[in-house]
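The values are calculated or read from the model by the stated rules, or taken from the named source; none is laboratory data. Nothing here was measured: the structure is a model prediction, and the numbers come from that model. Reconstructed Cβ throughout: ideal geometry from the backbone, glycine too, with neighbour counts over all protein chains shown. With ligands, DNA and RNA removed, areas are computed over all heavy atoms of the protein, side chains included. Shrake-Rupley method; radii C 1.70, N 1.55, O 1.52, S 1.80 Å.
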Amino acid sequence: MSSIHRRQLSQLLAVWRLKNRLEVSLCPAAAFHCRTVCSTSSEPGDPIEVHRRKLFLWFSHLPQEEKQFGGYFSPEKMHVDPLILERNTEERVGLHCSPLQAPSPSSHVTVEQLLDPSSCCDGRGLNVLLYGAVGTGKSTLVRKLVLDWCSGKTLRQFKLLIPFSCEDLSQLNKTASLRDLVSRKYLHLSKHPLLSGAGDQAKDVLFLFNGMEKMKLDFRIGASELCSDPNESVPSDVLVVNLLRKYLLPEASVLVTTRLSAVERIPQKYVSRYAQICGFNDPDRQRAYFTSRLLQQTGETDRNHEAHALIELLYLNLQRESQLAAACFLPSYCWLTCATLHFLHFTDAKAPIRTLTGIYTSFLRLNFGGEVLERKTGTNVPIQDHSSLMLYVVRTLGKLAYDGVTYKRTSFSEKELEQWIGGKTKTDEELHQLAIFRTDVLDFFLAPCVENGKHFDEEDGENDMSRYVFAVPAMQEYLAALYVVLGENKSALEKMTRQVSVAIGQASEDVGALVSILSKVIPLRIFAVFNLLKLFPKVYDRINRYNKGSIAKTMAAELFRNEDSHNEDVLDQVEQSLLGVHGPQLQQGTEGQPFELYPIFMGGLLHYGNRVLLQQLGCSIQSSTVVQITRALRKYLVRELNKPQPPEEVMDLLVLLYEFQNPRLTADVLASIRSICLTNIRMTSLKCFILSSVLSCTPASYHMQEMDLSSCLLTHDMLKTLGPAFRHVTSLNLQFNSLGPDSCILLRDLLLDPKASIKSLQLCDNPLMDSGAHTLLEALPENQSLTYLSLMHTGLGDAGALDLAGKLQKHMGLQELNVAYNNIGDNAALALVDACREHPNIHTLHLYLNPLSDVGKQSLYVRGITKSHGGSGRRVRVLASVTEGSDLSEDWHPILSVIRENASSWDRGRVKEQLKVFLRDLEWGRQQQQSLWKRLHFRRVEKGVRQTLQMLEKDTLPPPTGYSK
């Protein structure tokens with residue numbers, strides 16, 4: 001062996017060792033597969049083995065959008081094979097797979113079956129054309145196919161697989177030979193004998209061209225010359241044409257993927273087999289996809305159970321042939337469904353910031369990034385002059401979506417689609433673009449309407465019964481919001497004003513240069529005419545600012561619609577659209593479909609991260625537009641928040657501020673808020689994260705009067721997420737939740753936090769028990785801010801009451817204490833009253849609905865009065881019953897109000913027993929009275945107790961409202 005060859009071999013071995021170490025450190029899964037493949041080869045420097053390893057590394061890289069699922073995903077675990085149907089020559093064009101319609105099993109094929117070498121004839125390789133609409137999974141299938149070949153799982157008949165991106169090939173301006181093109185992309189295959197063209201070695205080669213619609217292939221001899229030499233330099237499109245002609249490396253096989261609109265670009269005689277990729281046509285494939293996605297990141301047991309429950313609800317919704325099943329016919333919408341559910345259920349404080357608007361923007365970037373609406377074949381227009389496909393979608397389907405949102409409609413007839421998308425008579429160029437759009441893109445966004453399990457297909461179109469809806473409801477609101485924010489909803493006058501303004505502005509610059517030369521010879525008064533040219537752009541700027549203000553006003557008006565006030569918050573609506581509604585469904589009002597995501601998406605689209613993604617899609621939102629809308633939005637939001645808003649609307653406002661991701665705007669809006677009431681909102685980990693994230697934008701000195709989170713189904717983990725938000729609260733209401741003894745550790749730390757200043761803490765109807773109360777009370781000696789503490793119905797017993805009595809003297813700021821409806825007996829209650837009597841500031845103690853004897857209650861009132869050294873007395877109000885001995889208690893009304901408000905969620909047997917005790921006390925007290933007026937007063941109170949008892953027996957009490965006393 002010569003010294004040159006030895007040197008080359010040693011260099012190759014060194015590169016291979018370095019590369020192998022990088023593979024092991026950067027990608028353990030990839031390194032494992034590489035070791036598996038390399039173990040069959042005796043020469044570690046074999047170019048094909050190097051090619052396998054590098055291809056595996058390159059194709060294992062997933063898009064940035066996949067990181068939102070957390071952790072590293074191996075594509076082989078995430079992948080679910082879509083349905084692939086082999087088509088005859090006659091049915092290759094115009095045949096679409098219909099959702100919810102099962103094709104015949106005989107037509108199902110795999111890519112490996114399509115490339116079966118037994119199908120070859122005359123020793124020539126196969127040309128397989130795999131086509132499908134946008135979102136059916138062509139690129140994902142290609143990635144999985146390449147990875148499986150690298151691992152030796154499939155296509156073993158081919159020693160060499162060479163994938164190309166047609167988008168990259170279309171950008172090449174220089175001519176190159178086939179071998180140079182391969183070596184430019186894959187240096188390790190330079191001068192490989194399989195590509196020499198000698199003999200029949202090329203039969204072991206498979207070329208893969210992904211996205212053929214990106215190239216202008218012309219099979220006419222006059223347009224693309226013949227080329228049979230792999231070393232001859234020709235344009236890249238000529239190389240592809242000659243490979244398909246079987247004039248260049250005729251023994252090699254070629255797999256081409258393309259969209260429906262480009263199938264006819266390859267003449268029929270050059271295609272051996274046609275196959276259509278049809279996505280997921282049955283719920284089982286969809287469920288397999290959801291399982292592979294949602295169970296990947298759930299390492300914790302609780303999350304694993306939650307993920308399984310989500311998958312079951314999804315599967316039930318899909319089995320009903322719902323609208324979601326029609327949308328998930330496309331794997332892309334399965335991805336969107338998984339991403340949305342992951343966002344709704346698996347968001348925590350440790351996860352990176354993700355927004356719903358960002359998910360939808362990323363979804364469109366994955367499917368339409370870099371896509372342009374091409375010109376007619378034969379027009380020599382540079383690629384940068386082609387219009388953005390996404391911008392075309394906004395101007396057509398966005399306009400349709402905006403009209404639907406404006407008039408509260410979600411379904412559209414074929415005539416309406418023709419009106420909004422087809423429009424008036426167009427030029428040949430526009431008709432060509434429209435035809436491509438209808439073929440490739442329209443079915444991606446719109447799906448046949450499925451109502452009550454009935455699937456409207458094309459046969460009903462004759463009677464105008466066929467209706468179409470957006471594949472997922474939120475997509476209509478997203479496109480409508482994008483249509484408005486991009487300024488496409490301007491009137492014809494506004495558009496013309498802008499054009500005139502730009503033209504006059506350019507003219508004024510030229511005239512200004514001329515005037516500066518003639519200024520010495522022309523009278524000054526004539527210059528006033530030229531200055532008028534500069535006035536018009538300023539007028540336009542004022543009109544433009546007014547337009548941005550109207551957008552902000554629309555956002556605020558849509559967010560706080562009166563008719564939407566009784567709807568569930570927007571995040572619950574999104575979840576119901578995916579998981580379905582289980583149980584009785586609420587009837588929609590006459591106002592029509594609520595579109596509460598529409599203003600939230602408008603705010604989210606102004607976020608810088610989303611604007612960057614939209615810029616890649618050809619949809620540009622200028623920073624000046626964002627500034628103008630933000631300035632106007634701040635004013636309108638503050639104005640609306642001066643009015644009382646229901647909890648659902650407050651939650652939607654928090655979601656809007658979170659989606660906007662503008663800390664300054666958030667701080668300015670929250671500065672006008674003195675309380676946040678989210679009572680009866682079904683809080684989730686995401687909603688807690690949103691609340692905490694929004695409040696983190698405010699300065700440390702910001703404090704609100706009250707935060708009401710009663711009846712919100714809060715758990716320990718949610719409370720941990722909300723910890724930073726509680727630092728800004730003066731009065732914290734956590735009643736009617738699921739907070740146990742472990743949650744008291746977090747509450748204790750909150751009371752000990754020097755940055756917090758909580759004065760009122762209400763924990764009614766939480767199972768804290770004695771152990772939890774003991775933990776919570778550890779904060780009393782050091783806390784100086786708390787003035788009101790409610791531990792009503794928390795499972796507090798004698799031990800907890802005695803512990804509380806011992807801690808009271810160490811906390812001088814407490815003024816009112818509520819331990820009603822617990823298991824406190826006479827002795828513990830008396831000790832607690834004694835401690836309150838000795839306390840300098842406590843004025844009220846709630847002890848009603850505790851198992852106290854008549855003697856014990858009488859002792860409580862007597863011992864509630866303390867004598868000072870000067871002889872004057874300070875009374876501690878002890879609320880234990882509606883009577884005080886033979887007299888009525890002056891606090892009977894608050895006691896009955898608390899019982900009436902909360903009795904529906906308490907132990908009804910115990911409440912009835914206590915009410916009967918009240919009736920007995922009232923009857924005895926009434927008999928002791930001599931005054932007719934006092935007897936009538938007793939009768940009135942007795943009537944109120946009997947009414948409460950009757951309502952409880954008839955189950956007509958109102959639901960609990962979290963009464964604070």
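Name, by its number, the condition in (1) small (G, A, S); (2) surrounded by fewer than 21 Cβ atoms within 10 Å (Cβ to Cβ); (3) over 42 Å from the mean Cα position of the chain (by Cα) that does not hold for S165.
That leaves (3) as the condition not met.
Just give me the residues in region 101-136 being part of a loop (DSSP other than H, G, I, E, B), over 22 Å from K203 (Cβ atoms) and at pLDDT below 85, in sequence order.
The answer is Q101, A102, P103, S104.
Can you name every residue in region 248-282 that is of a type in the set (D, E, K, R) and either within 19 Å of P163 (Cα to Cα) or not in a loop (DSSP other than H, G, I, E, B) (or both)?
E251, R259, E264, R265, K269, R273
Quick check on region 435-452: of everything there that is in contact with a Leu (Cβ under 9 Å, 6 or more places away or on another chain) and part of a helix (DSSP H, G or I), which residue is nearest to I551 (Cα to Cα)?
Filtering region 435-452 for residues that are in contact with a Leu (Cβ under 9 Å, 6 or more places away or on another chain) and part of a helix (DSSP H, G or I), the one nearest to I551 (Cα to Cα) comes out as F445.
Do we have any residue at all in region 642-659 that's under 22 Å from L344 (Cα atoms), in contact with a helix residue (DSSP H, G or I) (Cβ under 9 Å, 6 or more places away or on another chain) and open to solvent by 40 Å² or more (accessible area, probe 1.4 Å)?
Yes, the conditions are met somewhere in region 642-659.
Which one of these is assigned to a loop (DSSP other than H, G, I, E, B), within 30 Å of L318 (Cβ to Cβ) and either over 23 Å from the mean Cα position of the chain (by Cα) or at pLDDT 90 or above (or both): Q587, Q645?
Q587
For A223, indicate whether it is within 29 Å of V134 (Cβ to Cβ) and open to solvent by 50 Å² or more (accessible area, probe 1.4 Å).
Taking the combined requirement at face value, the residue satisfies it.
Residue under question is I266, and the condition is that it be of a type in the set (A, V, I, L, M, F, W, C), within 21 Å of the chain's Cα centre (by Cα) and open to solvent by less than 20 Å² (accessible area, probe 1.4 Å); does it hold?
So I266 does not fit the description; no.
Hey, can you tell me all the residues within region 917-933 that are open to solvent by less than 100 Å² (accessible area, probe 1.4 Å), without any contact (Cβ under 8 Å) to a residue 24 or more places away in the chain and assigned to a helix (DSSP H, G or I)?
Across region 917-933, the qualifying residues are E923, R926.
Suppose the filter is closer than 26 Å to D572 by Cα and at pLDDT below 85; does Q622 pass it?
When the stated conditions are applied, Q622 does not pass them.
Out of region 822-851, which residues are part of a loop (DSSP other than H, G, I, E, B), open to solvent by less than 10 Å² (accessible area, probe 1.4 Å) and within 17 Å of T883 (Cα to Cα)?
L847, Y848, L849, N850
Please indicate, with yes or no, whether at least one residue in region 323-334 is hydrophobic (A, V, I, L, M, F, W, C), at pLDDT 90 or above and surrounded by fewer than 23 Cβ atoms within 10 Å (Cβ to Cβ).
Scanning region 323-334 turns up no residue that is hydrophobic (A, V, I, L, M, F, W, C), at pLDDT 90 or above and surrounded by fewer than 23 Cβ atoms within 10 Å (Cβ to Cβ).
In this structure, is L791 surrounded by 23 or more Cβ atoms within 10 Å (Cβ to Cβ), more than 19 Å from L739 (Cα to Cα) and out of contact with any His (no Cβ under 8 Å at 6 or more places or on another chain)?
no
Among the candidates V855, V911, V898, single out the residue that is assigned to a helix (DSSP H, G or I), over 51 Å from the mean Cα position of the chain (by Cα) and modelled with pLDDT of 70 or more.
Of the residues listed, the single one that is assigned to a helix (DSSP H, G or I), over 51 Å from the mean Cα position of the chain (by Cα) and modelled with pLDDT of 70 or more is V855.
The conditions are (1) touching a Cys at 6+ places or on another chain (Cβ under 9 Å); (2) hydroxyl-bearing (S, T, Y); (3) at pLDDT below 90, and T298 fails exactly one of them. Which is it?
(1)
Which pairs do you get when a residue that is under 10 Å from K720 (Cα atoms), found in region 736-748, comes within reach of a residue that is open to solvent by 10 Å² or more (accessible area, probe 1.4 Å) and assigned to a loop (DSSP other than H, G, I, E, B), reach meaning Cβ atoms under 9 angstrom, with the pair 6+ apart or on two chains?
S743/T715; S743/N737
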